[in-house]
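Written below as structure tokens is the structure these notes are about.
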Amino acid sequence: MKTDTTTVTLDSIDAYNKLFGLTTLHPLVSVIDLKKATRGIGRIRMSYGVYALFLKNGVNCTLKYGREHYDYQEGTIVSFSPGQVIDVDSTGESMAPDVVGLMFHPDLICGTPLASKIDSFGFFGYSQREALHLSEAERKIFLDCLEKISLELEHPVDSHSADLISANIQLLLEYLNRFYDRQFITRHKVNSSVVAAFENELSRIFSDGSTVNEVPKVSYFAEKANLTPGYFGDLIKRETGSTPQDIITLCLIKEAKRRLASTDTDISVIAYDLGFQYPQHFTRLFKRVTGKSPSVFRHEFHTNN
């Protein structure tokens, strides 16, 4: 018999700790150790209003984001950010699974150096098959960082507490960026196939004379690769040195140049055929990339050829 999934809004650290029967030492940050949990959760939906990172140490737990399941196996890390909704099914698990992690409220980092950098940690937007798989050495670093934060939470609050907690969280996030870079490198063969599929699809869309309904977005190619736009963008940037948007733009401009040079089609028609809703948007982009307007490019091409 199917039961309805209960939705729990995690808008505070205490809300999460109460869910598992854990102690709250600080209202804005917590080092999580689910081995200390005194309550089970079964099947629920979590609506995150906080940042969270979890390292799984060998239990079977099903996490689902949208229609896809997380690649959440032993020795992997998953991360969540405010606004994400995650389905969790721990039915049949131990009440106290071997999972550790960190959770912090956005208010914790307000006014700190981390506040200006938090958006650069793109892994908070990763999902589906994009979990981070740690080596033993990396796992030790992760746990050491959690230990430093935990010790600071147990220390009597003084004028240094907020800065030290924030700095240690940033240190942990910087390490995770490094670990993800390593994972991209070790998955080069698989990633290369994603790049090739991206380039092939671009070529198909902007093939000679084709009419494009709209300028393709990064999200379109990410969806075809079954990846989030954030992970897809990071993968392409690490493999090619360019962002997906830059590659799309250069491919589009290349085809625009071909049509301007080989046809006498009106520039506004070329703009519409390339997916632009407004010709002036095409003209503005073309000039930004090439340094000259489409009409000037066409005139100079025919003058010089």
Inset, instruction - In whole angstrom, note down how far apart the Cα centers of segment 192-253 and segment 101-128 are. - result: 27 Å
Inset, instruction - Counting only GluC sites (Glu not before Pro) that are in a DSSP loop and have at most 14 other C-beta atoms within 10 Å, tell me the longest site-free stretch of the chain. - result: 75-213
Legend entry - DSSP loop trypsin sites (Lys or Arg not before Pro) with at most 12 other Cβ within 10 Å excluded, longest remaining stretch of the chain: 68-305
Legend entry - Selection from Gln170, Val212, Ser79, by position along the positive dipole direction of the chain (Cβ): Val212
Legend entry - Cross-link pairs Lys56/Lys217; Lys18/Lys140; Lys36/Lys237; Lys117/Lys292 - those with Cα-Cα distance over 30 Å: Lys56/Lys217; Lys36/Lys237; Lys117/Lys292
Legend entry - Given charges at beta-carbon only (K, R positive; D, E negative), |dipole| of segment 189-304 in Debye: 300 debye
Legend entry - Positive-end extreme of charge dipole, the chain - chosen from Val195, Leu108, His133 (charges on Cβ): Val195
Inset, instruction - Give the label of the value calculated from the structure for semi-axes √(5λ) of the Cα gyration tensor in Å, choosing from (i) 47, 21, 18; (ii) 26, 24, 18; (iii) 36, 22, 19. - result: (i)
Inset, instruction - Just grab the label-to-label distance for Asp181 and Ser219, each label 7 Å out from Cα along the Cβ direction, in nm (one decimal). - result: 3.0 nm
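The numbers here are math on the coordinates, done by the rules we state, and not lab data. Bear in mind the structure is a predicted one, so any value in this text is a computation, not a measurement. Because the Cβ atoms are built from the backbone with ideal geometry, glycine has one as well, and the counts that use them run over all protein chains shown.
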